[in-house]
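The values are calculated or read from the model by the stated rules, or taken from the named source; none is laboratory data. None of these values were measured; they are calculated from a predicted model. Using ideal geometry, Cβ is built from the backbone for each residue, glycine included, and neighbour counts are taken over all protein chains shown. The area values use the complete protein model at the heavy-atom level, side chains included, leaving out ligands, DNA and RNA. Shrake-Rupley method; radii C 1.70, N 1.55, O 1.52, S 1.80 Å.
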Amino acid sequence: MVIQGKNYIGYSLSAESDRTFQAYVPSQDDFLPEKFHVAISAEVEQTMRLAEKAFQEYAGIPANRRADFLIAIAEEILAVGDQLLERASQETGLPAGRLQGERARTINQLTQFADLLREGSWVEASIDTALPDRQPAPKPDIRKMLVPIGPVVVFGSSNFPFAYSVAGVDVGPALAAGNPVIVKAHAAHPGVSDFTAQAIVAAARRTGMPEGVFSMLYDDGFEVGATLVKHPATAAVGFTGSFKGGMALHKLAQEREAPIPVFAEMGSVNPIVVLPEYLKDNAQELGKTIAASVSLGAGQFCTNPGLVFVTRSEGVDFFRESYQIAIAETVSATMLTAGICQNYYHLRDEVFGQNDVSELVVSENINSGENQAQASVAEVSGAAFISNPKLHEEVFGPFSLLVICENTDELLNAILHLKGQLTATLMAEEAEAASYPALLRQLAKISGRFIMNAVPTGVEVCPSMHHGGPFPATVDSKFTSVGRHSILRFVRPQSFQNWPDSLLPDELKNDNPLGIHRLVNNVLTSEKVTQ
């Protein structure tokens, strides 16, 4: 497969602009030779017109055919082979093992949505049959299901070139729901995006999808993304990135004549709270475990723990020593871009420079290569943490702040100062946890996923996973970007009243030709409707 470097507008390649950029190799501080053409406004307009037209057909394509499309995407991605992994490693600096796992996760996501479509009950079909003789007024026949919303714009994320990018956690469910997708490729991995776009286009052709069901545009700045969000044909936006970026898109979306939702994941410090009994019994092993989670992937997961809370109790010194040793021995890792690496050190040093913050340890085990991030931990008292909001903010990279509180009352007060998070973790013995109901309630309140006695890194793709959280972790805490329920971001309810059976969608017909589970007159059943 050869990188095209052009914009994918439906089944056509387009390069109307002379403005180009190149893929950066962070481990070498160098650029790859291919040039990628930045989209211009005319190409954005052409893309959106095509997507709008495709929606009219794609929304009505049977679910089993959409499932075939998703499986074809997975197959085409796998068919690219090691070339895709090698390019991803060049563009991101991530190791091959991590990228193999991420590609497998992406394939798994697509497969799970195909299975969801084939089973079919996800549309939440609800049927209330007519009661013409009801007094004092007859009851009409009313039926409801979830339907697609229209073209969805997805912004690729820098830290996951597969799972949160061109065929990732926004694209899969949006396509599954029956919506065309337009991806704004991330400039940090344009070659990976190009290969993946080719795979999706090939899958669309192979399964007979309408042209415009998928498009991808390049940009090395913000103009293309802003134009896509503001376009009247755009129905929703998926974004994973910084708080600043997510809120800028949200603002643009709300300023439109017809506002649209922006499903933005915007970062998290993922606090870990360790209670005294658990700390006493697990101090040394816990230091190693948390250090590994802090530094995993050069700290570039959205779930790396940026805050660790303990109390001045038995075991705290052993924990601190174990934590220090583990971080000191951590080998530096390449960050995704030079800008991300520079920002990491800038934000880390800002924390180091705050009053009452002490530098606990900085790894001196440095790899060769450019843009290396050193794992680092700082320490602060609970009182100083509470009084300084700067210490509550995320430092994207292998950094964590150890907060040592005088007692559990101060610890609870510190947690009360935290904003919304993707995750919160409690390390505690079972009986010990039950003794702190207020702490449990507060940690649950601020988190989308509440973890006990395990680190937050590692997001299982399954129906029970909620990957989202209260603001500012995400714009809307009701939705997840991982698992089958992520499809609910890209649908809306539609009621049909007094429609003849022959004109209803198959999901709502009396005979239930799809054999799905439906709520019929308040009873969940897969049986036919008898009038």
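Extending 7 Å from Cα along the Cβ direction at Asn388 and again at Gln342 yields two label points whose distance is 2.5 nm.
Could you look at the chain and say what percent of its accessible area is carbon and sulfur, using a 1.4 Å probe and all protein chains? Spell out each step's value before the answer.
Working: 10910 of 21570 Å².
C and S atoms contribute 51 percent here.
Quote the FRET efficiency, to the nearest 0.05, computed for Asp133 versus Gln254 with a Förster distance R0 of 56 Å and r equal to the Cβ-Cβ distance. Present the calculation step by step, with values, prior to reporting the outcome.
Values: r = 47 Å, r/R0 = 0.85.
The calculated FRET efficiency here is 0.75.
What's the magnitude of the charge dipole for the chain around its Cα centre, counting Lys and Arg as +1 and Asp and Glu as -1 at the beta-carbon? Answer in Debye, nearest 20.
On the way: 40 positive and 60 negative charges, 342 e Å.
The dipole magnitude comes to about 1640 debye.
By the rule of a C-alpha distance below 19 Å, with chain neighbours fewer than 8 residues away ignored, the lysines paired with Lys288 are Lys280.
Please identify the trypsin sites (Lys or Arg not before Pro) of the stretch 211-283 that satisfy two criteria: DSSP loop assignment and at most 15 other Cβ atoms within 10 Å. Which are they? Passing sites in the stretch 211-283 are Arg256.
Compute the accessible area per residue over the stretch 6-126, keeping the other protein chains in place, probe 1.4 Å, unit Å². Mind dumping the intermediate values first?
Details: 5330 Å² over 121 residues.
Per-residue value: 44 Å².
If R0 is 60 Å, what FRET efficiency do you get for Ile142 and Glu321 from their C-beta distance, rounded to 0.05? Walk me through the numbers on the way to the answer.
Details: r = 66 Å, r/R0 = 1.10.
After rounding, the FRET efficiency stands at 0.35.
Of the beta bridges DSSP finds with both residues in the chain, what % are antiparallel, to the nearest 5? The antiparallel fraction comes to roughly 45 percent.
Sorting Asp82, Asp476, Asp133 by solvent-accessible area of protein heavy atoms yields Asp133, Asp82, Asp476, largest first, with a 1.4 Å probe. Each Cα pair under 8 Å and six or more residues apart adds its sequence gap; the mean of these over the residue count of the stretch 6-94 is a relative contact order of 30 percent. Straight-line cross-link reach from Lys445 at under 20 Å between alpha-carbon atoms covers these lysines, not counting any fewer than eight positions away in the same chain: Lys419, Lys478.
Taking the DSSP beta bridges with both ends in the stretch 397-531, the antiparallel portion is around 40 percent. Given the options Gly306, Leu85, Ala428, identify the residue whose Cα lies farthest towards the positive end of the charge dipole of the chain (+1 on Cβ of Lys, Arg; -1 on Cβ of Asp, Glu). Of the candidates, Leu85 comes out farthest on the positive side. Putting +1 on Lys and Arg Cβ atoms and -1 on Asp and Glu Cβ atoms, find which of Gly369, Asn522, Val224 reaches farthest to the positive end of the dipole of the chain. Checked the options; the winner is Asn522.
Straight-distance candidates among the lysines for linking to Lys528, with alpha-carbon spacing under 25 Å and chain neighbours fewer than 8 residues away dropped: Lys139, Lys144, Lys509. Applying the criteria of a DSSP loop state and at most 10 other Cβ atoms within 10 Å to the GluC sites (Glu not before Pro) of the stretch 214-303 yields Glu257. Across the chain, the relative contact order, built from alpha-carbon pairs under 8 Å that are at least six residues apart, equals 17 percent.
For a label point 7 Å from the Cα of Ala431 along Cα→C-beta, name the residues of the stretch 265-307 whose backbone N is under 14 Å from it. 277-278, by backbone N distance to the label point. Normalised per residue, the accessible area of the stretch 282-397 is 41 Å², obtained with a 1.4 Å probe and no contribution from ligands, DNA or RNA.
Once you list every other residue whose beta carbon is under 14 Å from the beta carbon of Met209, what net charge do they have if Lys and Arg are +1 and Asp and Glu are -1?
Numbers: positive: Lys53, Arg65, Arg66, Arg205, Arg206; negative: Glu57, Asp68, Glu76, Glu211.
Spelling it out: positives minus negatives among the neighbours equals +1.
For the stretch 372-439, a simple Cβ point-charge model (Lys and Arg +1, Asp and Glu -1, everything else neutral) yields a dipole of about 340 debye relative to the Cα centre. How are the C-alpha pair distances of the stretch 208-358 spread across 10 Å bins, as whole percents from the shortest bin up? P(r) over the stretch 208-358, rounded to whole percents: 9, 27, 26, 19, 13, 6, 0.
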